[in-house]
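> Before I ask anything, let me first share the structure, which is written out below as structure tokens.
Each value in this text was obtained by applying a stated rule to the coordinates, not by laboratory testing. Everything numeric in this text was worked out from a predicted model, so none of it was measured. Here the Cβ positions follow ideal geometry from the backbone for every residue, glycine too, while neighbour counts run over all protein chains shown.
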Amino acid sequence: MAENKGVMVCGEIIEGKLSSITTELLGGGRGLADALGEELSLVLMGSGVGHLASEAIAFGADKVFVVDDPLLKDYQTDSYVAVMEKVVKQVSPNILLLGQTAMGRDLAPRLAFRLDTAVSMDCVELSIDPESKLMLQTRPVYGGNARAIYACEETRPQMATVRSKAMDPLERDDSRKGEVVSIESGLDPSLIRTKVVEKVKEEVAGIKLEDAEVVVTGGRGMGSAEAFQELEALAKVLGAAVGATRPPCDNGWVPSSLQVGLTGKIVGPTLYIAVAVSGSSQHMAGCSGSKNIIAINKDAEANIFKEARFGVVGDYKKVLPAFTAKVKELLGG
Amino acid sequence: MPNMIVCVKQIADPEAPAGSFRVDEAARKVIPASGVSQVVSPFDEQAVEAALRIKDAQGGKITVLSLGKDFVMDVIRKPMAMGADELILLQDPAFEGADSRSIAYALAMAIKKIGEYDLIFCGRQAADWDAGQVGSGIAEFLGIPSVTVAKKVELVDGNVRVERVVTDGYEVIEVSPPLLITVSNELGEPRYPKLKGIMAAARKEVPTWTAEDIGAEPSKLGAAGARIKLLKLFIPVREAKCEIIEGENPEEAAANLALKLREVKLI
């Protein structure tokens, strides 16, 4: 496999911009590339996306492969797998990184199987083993109860999808130099077997969960849809986004787009206030990147207190209104 | 009427308390906790439910396929008790030590042996190793399209209409069968088996197929077919350093918490 060289990132574009996971992957990928003394490249797929190449270089890429085709406007499994297969076969990277996003979790396994290699999904840490020079792929398993470290010894590229907020982007540096290479998609439209007929946005009004600096989350212990209105009140005072664990979503108390956890959103705010949240591993997988976790729970033994910086043991029905009132007073509201 | 196949996995109950979870670091294996029951992986139950909703609307036949060992028959028969028609088990020492790829290969070979299919359902990921690769892998081995993380699946005029969950909502995707779909929890709660269903499921013959039965190449199965190597398995250390804020009563503790957050400049 001596011929496989370089770290390649599969980029994602959201609303005409490089998505945050892409700059994070470029930051993490830069470290891997430097450890190996190899090049870092980015693949940009889409329609009218070439102008983003300079931004990718500013965020750490040495080379940007642009595949521009109107057929790539929307993510579709068949078209994106075919294009990535072509690019990987042409460039022969040693490592290929994707985001653990709606696109990456769909694209990565099919691409890995087609290339006859393997991928580790939802990695939280990647490093280069100093001796073997293999990429060590760390991922949570069993809902976050354990961690596993994998290596792909024989086949190339070594592939991983990376959880959002697990890696830090580099400072943008517009003086960085890099090369832009255009690659033909070579897509045959008849190979695209699925058709996206509609896109429905379910975004809740207010601050986006993934971008919020403060998140207020309610758990199963909230007990009802009405109880979440009290959380909304606190969120309003703090300028926070509201989140939920899985049970309130499954019970229909809140829309499923509020779910924070392994199968929901991954958040990393400065302040994460968990109310009536037990702290299951599945939930913590979505919020353990928070800088300060605050727990309010009546069960002193709840797992959330093992993860929290500050906590109050008490019934949220009594604690929450008093807390909201005091915060409002302190913030001069 | 559609022929449907649902792939399910039997796992240790993922809702079991985290404190009961142990690993054998030397063997790189999870130690089965005593008293933790076996269940059908929750996303796989939702995959069964997705197939049953189509059967409710249009009729059809549902065959459940499960690869594993140490099957608890009452547990693995549950999809049949919910309303699936048949269950086939895949069990062979040759399947052991597999990664997602070699499992997907074995399931794809078993599906080829079943022969006729319009829709194949899997859970979005097994709630033990959380890899989320097997569904896409089966589709790749069979050369059929796949749609992942579905919250609704319908058959409309012979076409499949899938609502696929994405970050800010969902996409509606149309595709003609055959097709593989992975199902997410947004689909909603799976139905409970009724007593009649449980009794009927208990009476059904459950064939077990081996690697030879499905015509699989030994070099592609289990550890031999795996492309990824598990180097280490461990339980991450948690730092227990939570400062509990006290008060005369819950209201005072709440106010003290707010003051504390102010003091450390978090608000």
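> Loop-only check: which trypsin sites (Lys or Arg not before Pro) in region B:35-110 are DSSP coil with at most 16 other Cβ within 10 angstrom? Could you put the intermediate results ahead of the total?
On the way: sites: B:53, B:55, B:61, B:69, B:77, B:101; in loops: B:69, B:77.
Listed in order of number, the matching sites are B:69.
> In a Gaussian network model over chain A where Cα atoms closer than 10 Å are linked, find which of A:199, A:208, A:306 has the largest mean-square fluctuation.
A:199
> While we're here: Compute the length gained on full extension between residue A:89 and residue A:131: take 0.36 nm times their separation in residues and subtract their Cα-Cα distance, giving the result in nm to one decimal.
Working: separation 42, 0.36 × 42 = 15.12 nm, distance 2.69 nm.
Working it through step by step, the gained length comes to 12.4 nm.
> Other chains near A:318-324: what is the mean number of their Cβ atoms within 10 Å of each residue's Cβ?
Working: counts 5, 10, 2, 3, 11, 9, 2.
Counting other chains' Cβ atoms within 10 Å and averaging over A:318-324 gives 6.
> Rounded to whole Hz and in sequence order, give me ³J(HN,Hα) for region A:162-168 from the Karplus expression 6.51 cos²θ - 1.76 cosθ + 1.60, θ = phi - 60°, writing x for Gly and Pro.
Per-residue couplings from phi come out as 10, 5, 5, 6, 7, 10, 9 Hz.
> Which percent of Cα-Cα pairs in the protein assembly as shown sits in each 10 Å bin, short to long?
3, 17, 26, 27, 19, 8, 1, 0
> So for region A:209-330, taking the charge dipole from beta-carbon charges (+1 Lys/Arg, -1 Asp/Glu), which of A:324, A:231, A:219 sits furthest toward the positive end?
Farthest towards the positive end: A:324.
> Between rounded, prolate and oblate, where does region B:3-225 land on the alpha carbon gyration tensor, with a ≥ b ≥ c its root eigenvalues, rounded for a/c under 1.5, else prolate if a/b exceeds b/c? Mind dumping the intermediate values first?
On the way: a/c = 1.34, a/b = 1.26, b/c = 1.06.
In terms of gyration-tensor shape, rounded.
> For the protein assembly as shown, what is the charge dipole size about the Cα centre, in debye to the nearest 20, if Lys and Arg each add +1 at the Cβ and Asp and Glu each add -1 at the Cβ? Intermediate results must be reported in sequence, preceding the final value.
On the way: 68 positive and 83 negative charges, 134 e Å.
Computed charge dipole of the protein assembly as shown: roughly 640 debye.
> About the Cα centre of region A:1-87, what is the dipole size in debye to 20, counting +1 per Lys and Arg Cβ and -1 per Asp and Glu Cβ, all else neutral? Each step should come with its number before you reach the end.
Values: 6 positive and 14 negative charges, 19 e Å.
Dipole about the Cα centre, nearest 20: 100 debye.
> A follow-up question, please. Need one value for A:152-163: mean number of C-beta atoms belonging to other chains within 10 Å of its residues' C-beta atoms. Don't skip to the answer; put the middle values down first.
On the way: counts 5, 4, 3, 3, 0, 0, 2, 2, 0, 2, 0, 0.
Shielding by partners across A:152-163 averages 2.
> A follow-up question, please. Can you give the Rg to Rh ratio for region A:193-249, taking only C-alpha atoms and Rh from Kirkwood? Kindly include the intermediate steps, with their values, before the conclusion.
Details: Rg = 14.4 Å, Rh = 12.9 Å.
Taking Rg over the Kirkwood Rh, I get 1.12.
> In whole Å, what is the distance between the alpha-carbon centres of region A:1-74 and region A:256-314?
Taking the Cα centre of each part, region A:1-74 and region A:256-314 sit 33 Å apart.
> Does anyone have the angle between helix B:100-114 and the longest principal axis of chain B? Alpha-carbon axes, 0 to 90°, nearest 10?
Computed tilt is about 30 degrees.
> May I ask which residue of A:13, A:256, A:200 lies farthest towards the positive end of the charge dipole of chain A, with charges of +1 (Lys, Arg) and -1 (Asp, Glu) on Cβ and the Cα centre as origin?
Of the options given, the answer is A:256.
> If you take every DSSP beta bridge whose two residues both sit in the protein assembly as shown, what share of them, in percent to the nearest 5, is antiparallel? Walk me through the numbers on the way to the answer.
Numbers: 42 of 113 bridges.
Close to 35 percent.
> Which one of A:266, A:300, B:102 is farthest out on the positive end of the charge dipole of the protein assembly as shown, using unit charges on Cβ (Lys, Arg +1; Asp, Glu -1) and the Cα centre as origin?
A:300
> Pull up the DSSP beta bridges for region A:7-191 and report the antiparallel fraction as a percent, rounded to 5. Mind showing how you got there, number by number?
On the way: 11 of 36 bridges.
Around 30 percent antiparallel, to the nearest 5.
> Compute the long axis of helix B:42-58 from its Cα atoms, compare it with the longest principal axis of the Cα atoms of chain B, and write down the angle in degrees, 0 to 90, nearest 10.
Helix B:42-58 sits roughly 50 degrees off the main axis of chain B.
> Related question: Cross-link candidates for residue A:177: which aspartates and glutamates have Cα within less than 17 Å, leaving aside residues fewer than 8 places away along the same chain?
List returned: A:34, A:38, A:39, A:55, A:62.
> Going by average Cβ density within 10 Å per residue, which order do the peptides B:250-258, B:104-112, A:45-53 take, highest to lowest?
Numbers: B:250-258: 21.2, B:104-112: 23.9, A:45-53: 17.9.
The most tightly packed comes first, giving B:104-112, B:250-258, A:45-53.
> Over the whole of B:223-236, what's the average partner chain Cβ count within 10 Å per residue? Rounded to a whole number, please.
Details: counts 0, 0, 0, 2, 13, 15, 8, 5, 10, 7, 7, 5, 4, 8.
Counting Cβ atoms of other protein chains within 10 Å of each residue's Cβ and averaging gives 6.
> When DSSP beta bridges are limited to those with both residues in chain A, what percentage is antiparallel, rounded to the nearest 5?
In chain A, DSSP labels about 20 percent of beta bridges as antiparallel.
> Residue by residue through region A:53-69, what is 3J(HN,Hα) from phi via Karplus (6.51 cos²θ - 1.76 cosθ + 1.60, θ = phi - 60°)? Round to whole Hz and write x for glycine and proline.
4, 5, 5, 4, 5, 4, 8, x, 6, 7, 9, 10, 9, 9, 10, 10, 7
> Additional query: Would you list which aspartates and glutamates come within 16 Å of residue B:194, measuring only between C-alpha atoms, while excluding same-chain residues fewer than 8 positions from it?
Correct list for residue B:194: B:45, B:49, B:56, B:74, B:85.
> While we're here: For region A:94-148 and region B:79-143, what is the separation of their C-alpha centers, rounded to whole Å?
The distance from the Cα centre of region A:94-148 to that of region B:79-143 comes to 21 Å.
> Which three extents, in angstrom, do the Cα atoms of region A:6-97 have along their principal axes, listed largest first?
The Cα atoms of region A:6-97 stretch 36, 26, 17 Å along their principal axes.
> Take the alpha carbon atoms of region B:193-218, find their center, do the same for region A:180-198, and report the distance between the two centers in whole angstrom.
One Cα centre to the other: 40 Å.
> Right, something else. Quick one: grab Rg to one decimal and Dmax as a whole number for region B:57-126, Cα atoms only, in Å.
12.8, 40
> Hey, another quick one. Looking at this model, which pairs from A:291/B:241; A:17/A:73; A:265/B:151; B:61/B:204; A:5/B:229; A:5/A:63 are more than 18 angstrom apart at the alpha-carbon?
Numbers: A:291/B:241 14 Å; A:17/A:73 13 Å; A:265/B:151 16 Å; B:61/B:204 15 Å; A:5/B:229 21 Å; A:5/A:63 13 Å.
Cα-Cα > 18 Å for A:5/B:229; rest within.
> Which pairs in the list A:165/B:9; B:55/B:78; A:298/B:152 are over 27 Å apart, alpha-carbon to alpha-carbon?
Working: A:165/B:9 30 Å; B:55/B:78 17 Å; A:298/B:152 37 Å.
Distance filter (> 27 Å) returns A:165/B:9; A:298/B:152.
> Counting only Cα atoms, I'd like the Rg/Rh figure for region A:7-191, Kirkwood definition for Rh. Numbers along the way, then the final one.
Details: Rg = 15.3 Å, Rh = 16.3 Å.
Ratio of gyration radius to Kirkwood radius: 0.94.
> What is the magnitude of the charge dipole of region A:209-330 about its Cα centre, with +1 placed on the Cβ of each Lys and Arg, -1 on the Cβ of each Asp and Glu, and no other charges, expressed in debye to the nearest 20?
Working: 12 positive and 12 negative charges, 40 e Å.
Around 200 debye, computed over region A:209-330.
> Under 11 Å from the Cβ of residue B:252, count the other residues' Cβ atoms, weight Lys and Arg +1, Asp and Glu -1, and hand me the total. Can you show the working numbers first?
Working: positive: A:318, A:326; negative: B:246, B:248, B:251.
Residues near residue B:252 contribute -1 overall.
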